[in-house]
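One structure is given here, and the rest of the page talks about it.
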Amino acid sequence: MTFKIINALLAIVAGIGVTLAIFWLFNWLVERLPGRSERVLKPWVFVGPAVLLITMILIYPAVRTIILSFFDRSGTEFVGLENYANLATDPAFHTTLINTLLWIIVVPVSAVVLGLLVAILADRLAPRGEKITKSMIFMPMAISMVGASTIWLFIYDWNPPGTDQIGLLNAIVVALGGEPQVWLQIQTLKLNSLLLMVILIWLQVGYAMVLISSAIKGVPEETVEAARIDGANEIQAFFRIIIPQIWGTVVTVFVTVLIGVMKVFDIVYVTTNGLYGTNVIANDFFVTLFQFYDNGRASAIVVILLIAVIPVMIYQVRRFRAEEAMK
Amino acid sequence: MSTPVQVTPTTNVTPVKAAKKKPPKEQSRANWIVRLTLVIVVVAFLIPTIGLFVTSFRPRDDASSTGWWTALFNPFSSQWTMQNYADVIGDGMGNAFVNSIAVTIPATVIPILIAAMAAYAFTFIEFPGRDVIFIVVVGLLVVPNQVAFVPLLQLFGRFDLVGTFPAAWIAHAGFGMPLAIFILRAYMQTLPKAVIESAKIDGASHYQTFWKLILPMSVPALASFAIFQFLWVWNDLLVALIFVGPGENAPITVALRNNLMGQAGAGQNLVTAGGFLSMILPIAVFLVMQRYFVRGLTAGAVKG
């Protein structure tokens with residue numbers, strides 16, 4: 001064990017040291033060059049490692065994956081659109097798509113609404129109470145999705161009827177006179193998926209709350225005062241004055257949570273592994289690759305995810321350029 | 001010799017009180033409905049974690065036969081034990097904890113250096129292709145990491161890196177790069193240009209300006225991203241599972257998942273202790289560094 005710790009420390013030092021050394025070396029080399037070459041190459045000393053990493057880890061593999069989606073399960077034989085055709089006709093994949101869509105809609109909306117609610121209410125407290133409240137709501141963000149799944153699996157736990165329930169949800173149900181349920185297997189109205197979504201919402205509300213709270217505090221008090229003078233009550237003031245002014249942030253939060261939700265894997269994997277109709281795209285990808293060893297099909301699944309993400313990407317890039325233009 | 005003569009007014013002129021409203025002392029505008037709602041929400045948010053925490057200290061038989069709230073309401077008549085933690089640490093969680101540290105710290109520090117250098121160039125150096133490359137970076141913020149896994153596995157496989165820590169470092173460095181560059185550049189743009197200009201006039205090279213001026217001034221942003229990345233890597237399951245894998249080097253998320261998927265409900269207390277162990281460090285880091293974390297979150301979102 002101590003060997004491992006020493007090894008780890010050495011690895012940390014070595015990793016950092018090597019990076020620094022490379023940077024210093026290249027800079028030193030470039031500075032030796034005559035003026036013009038130096039000026040042209042200098043930026044690349046700085047940007048080079050980053051660009052190299054991005055190309056090597058993100059861009060090149062992404063392109064390879066797209067190509068691989070047209071090949072067979074072992075990646076050797078070209079099969080054209082076969083993987084896509086199979087996915088299009090597979091009812092299980094349809095369920096996966098529908099679930100993913102459901103996640104994408106329910107989680108961001110819920111997180112934003114809850115975050116908004118808490119931000120507004122907490123805003124009315126005195127600073128110390130507000131800080132503590134926010135910290136408590138925010139804390140789940142530090143927890144891993146696996147950890148959160150552990151916590152919530154425990155809440156959804158089931159013991160046979162007649163014995164004491166150890167899962168909080170069933171305990172409440174039994175106390176109200178009902179029968180304990182195996183919650184994560186109930187597919188009617190997608191209840192099990194919804195219960196899994198609760199986990200992600202629980203993790204993300206803190207994020208929504210923090211950002212929206214910042215935005216609300218940025219709303220000039222005069223605008224609200226003016227509305228109050230004109231006779232608006234709290235609710236009207238809220239919807240007509242505050243909401244429009246924080247809308248930009250609300251959208252940002254929504255989009256960020258949306259991106260995260262599209263990639264949701266850990267929660268589904270660790271709780272149901274996609275069974276009982278809870279499968280989502282990211283989980284499907286993992287299972288297809290590591291349980292069924294089907295490179296082609298897994299790649300096709302990921303490409304579909306990528307296509308779904310493209311509208312969001314275009315939106316982000318557009319917004320970025322608009323904001324840059326204003327600087 | 002002419003000295004300016006200061007004429008002091010003989011009358012005492014009291015400064016006119018400014019016409020603007022003095023901000024009232026911040027006090028609570030919350031009525032009991034608001035307070036009650038908030039209390040309910042906070043409690044609802046805390047209960048799941050508390051449930052885990054309490055259960056992790058209960059012996060196995062108690063934990064699987066009665067709800068944890070019964071123990072909470074009868075603290076003195078229930079059994080409490082540290083055995084779960086002892087078991088789970090001896091069973092590999094301790095090892096996993098060390099592994100997590102070995103994976104997370106380099107995966108946090110390495111991207112920061114590389115991204116800081118790049119952000120510096122994007123902010124302060126004009127070079128051809130700069131804007132195009134940065135747009136690509138912005139676009140990449142959205143791309144799911146899964147898109148890279150299959151080819152990356154093949155690449156790492158060829159260098160025999162699969163299952164080792166460097167595989168995770170490189171992967172996380174690459175995946176975290178777009179966000180790092182984005183956050184750091186956004187921050188560097190707010191630094192006072194005058195200081196950098198005067199450094200240039202004094203003959204400082206980019207290298208010197210970066211290390212001696214910009215980097216120290218960017219510490220808040222560096223801290224923000226560091227916490228982000230730390231939490232992200234520590235809590236990550238997917239990359240850890242695929243590139244480091246279960247086994248000797250498994251970080252704590254993988255170990256937790258092994259426990260979860262292996263136990264058939266009978267070892268709840270081990271899972272709870274393990275789960276809590278995996279959370280202590282990130283929660284502690286988070287509570288201590290909350291301010292930087294929040295600043296990092298808002299940096300990318302609410303543009304001032």
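The values are calculated or read from the model by the stated rules, or taken from the named source; none is laboratory data. What you see is a predicted model; the values in this text were computed from it and never measured. Neighbour counts run over all protein chains shown; Cβ positions are idealised from the backbone, glycine included. Surface accessibility is based on the protein's heavy atoms, side chains included, excluding ligands, DNA and RNA. Shrake-Rupley method; radii C 1.70, N 1.55, O 1.52, S 1.80 Å.
What residue, of B:Ala107, B:Ala118, is more than 26 Å from B:Leu238 (Cα to Cα), at the interface with chain A (Cβ under 10 Å from one of its Cβ atoms), buried (at least 24 other Cβ atoms within 10 Å of the Cβ) and in contact (Cβ under 8 Å) with a residue 12 or more places away in the chain?
On inspection, the qualifying residue turns out to be B:Ala118.
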query: Given A:Val255, A:Val224, which one is of a type in the set (Val, Ile, Thr) and under 29 Å from B:Val143 (Cβ atoms)?
result: A:Val255
Failed criterion for A:Ala126 (all others in (1) open to solvent by 20 Å² or more (accessible area, probe 1.4 Å); (2) more than 9 Å from chain B (Cβ to nearest Cβ); (3) farther than 28 Å from B:Val239 by Cβ hold): (2)
message: Can you confirm whether B:Pro151 is in contact with a Lys or Arg (Cβ under 9 Å, 6 or more places away or on another chain), within 13 Å of chain A (Cβ to nearest Cβ) and modelled with pLDDT under 85?
response: no
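Does A:Val287 qualify as being more than 10 Å from chain B (Cβ to nearest Cβ) and under 16 Å from the mean Cα position of the chain (by Cα)? Full working, then the answer.
Numbers: more than 10 Å from chain B (Cβ to nearest Cβ): yes; under 16 Å from the mean Cα position of the chain (by Cα): no.
In short, no.
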Scope the range B:133-144; condition more than 7 Å from chain A (Cβ to nearest Cβ) and farther than 13 Å from A:Ile59 by Cβ; matching residues: B:Phe134
field: Lone qualifier among A:Ala232, A:Ala227, A:Ala171 - being free of Cβ contacts under 8 Å to residues at least 40 places away in the same chain, of a type in the set (A, V, I, L, M, F, W, C), open to solvent by less than 50 Å² (accessible area, probe 1.4 Å) and within 12 Å of chain B (Cβ to nearest Cβ)
entry: A:Ala171
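Within the range B:273-284, how many residues are buried (at least 18 other Cβ atoms within 10 Å of the Cβ) and either touching a Cys at 6+ places or on another chain (Cβ under 9 Å) or more than 7 Å from every other protein chain (Cβ to nearest Cβ) (or both)? Spell out how you get there, then give the answer.
Taking the range B:273-284 and keeping what is buried (at least 18 other Cβ atoms within 10 Å of the Cβ), we get B:273-279, B:281-283.
Still in the list and also either touching a Cys at 6+ places or on another chain (Cβ under 9 Å) or more than 7 Å from every other protein chain (Cβ to nearest Cβ) (or both): B:273-274, B:276-277, B:281.
Of the residues in that region, 5 qualify.
In the set A:Tyr269, A:Tyr315, which member is surrounded by fewer than 16 Cβ atoms within 10 Å (Cβ to Cβ) and at the interface with chain B (Cβ under 10 Å from one of its Cβ atoms)? Spell out how you get there, then give the answer.
Details: A:Tyr269 fails: surrounded by fewer than 16 Cβ atoms within 10 Å (Cβ to Cβ).
Unique residue meeting the criteria: A:Tyr315.
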field: Qualifying residue in the range B:73-85 (condition: part of a helix (DSSP H, G or I), farther than 30 Å from A:Lys134 by Cβ, at pLDDT below 90 and open to solvent by less than 20 Å² (accessible area, probe 1.4 Å))
entry: yes
message: Out of the residues in the range A:249-266 meeting the condition of being at pLDDT 85 or above and open to solvent by 40 Å² or more (accessible area, probe 1.4 Å), tell me which one is nearest to the other protein chains (Cβ to nearest Cβ).
response: A:Thr256
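Just for the range B:216-234: of the residues that are β-branched (Val, Ile, Thr) and in contact (Cβ under 8 Å) with a residue 60 or more places away in the chain, which one is surrounded by the fewest Cβ atoms within 10 Å (Cβ to Cβ)?
Going through the range B:216-234, the residues β-branched (Val, Ile, Thr) turn out to be B:219, B:227, B:233.
Checking the rest, the ones that are also in contact (Cβ under 8 Å) with a residue 60 or more places away in the chain come to B:227, B:233.
Details: B:Ile227: 24, B:Val233: 27.
The extreme case among them is B:Ile227.
Here's the yes/no breakdown for (1) modelled with pLDDT under 90; (2) crowded, with 17+ Cβ neighbours inside 10 Å; (3) over 24 Å from the mean Cα position of the chain (by Cα):
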{"position": "A:Val45", "(1), (2), (3)": "yes, yes, yes"}
{"position": "A:Val63", "(1), (2), (3)": "no, no, no"}
{"position": "A:Leu87", "(1), (2), (3)": "no, yes, yes"}
{"position": "A:His94", "(1), (2), (3)": "no, no, no"}
{"position": "A:Ile98", "(1), (2), (3)": "no, no, no"}
{"position": "A:Val112", "(1), (2), (3)": "no, yes, no"}
{"position": "A:Ile155", "(1), (2), (3)": "yes, yes, no"}
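Would you be able to say whether some residue in the range B:119-129 is hydrophobic (A, V, I, L, M, F, W, C) and not in a helix (DSSP H, G or I)?
Of the range B:119-129, the ones hydrophobic (A, V, I, L, M, F, W, C) are B:119, B:121-122, B:124-125, B:127.
Filter once more, so that each one left must be not in a helix (DSSP H, G or I): B:125, B:127.
The answer is yes, given that some residue of the range B:119-129 is hydrophobic (A, V, I, L, M, F, W, C) and not in a helix (DSSP H, G or I).
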message: Going by what's in this entry, would A:Ala122 be described as in contact (Cβ under 8 Å) with a residue 12 or more places away in the chain, assigned to a helix (DSSP H, G or I) and touching a Ser or Thr at 6+ places or on another chain (Cβ under 9 Å)?
response: yes
message: Among the residues that make up the range B:157-173, is at least one of them touching a helix residue (DSSP H, G or I) at 6+ places or on another chain (Cβ under 9 Å), among the hydroxyl-bearing types (Ser, Thr, Tyr) and surrounded by fewer than 23 Cβ atoms within 10 Å (Cβ to Cβ)?
response: yes
query: Does the range B:184-215 hold any residues that are within 13 Å of chain A (Cβ to nearest Cβ), part of a helix (DSSP H, G or I) and either touching a residue at least 12 places away in the same chain (Cβ under 8 Å) or open to solvent by less than 30 Å² (accessible area, probe 1.4 Å) (or both), and which are they?
result: B:Leu184, B:Arg185, B:Ala186, B:Met188, B:His206, B:Thr209, B:Phe210, B:Ile214, B:Leu215
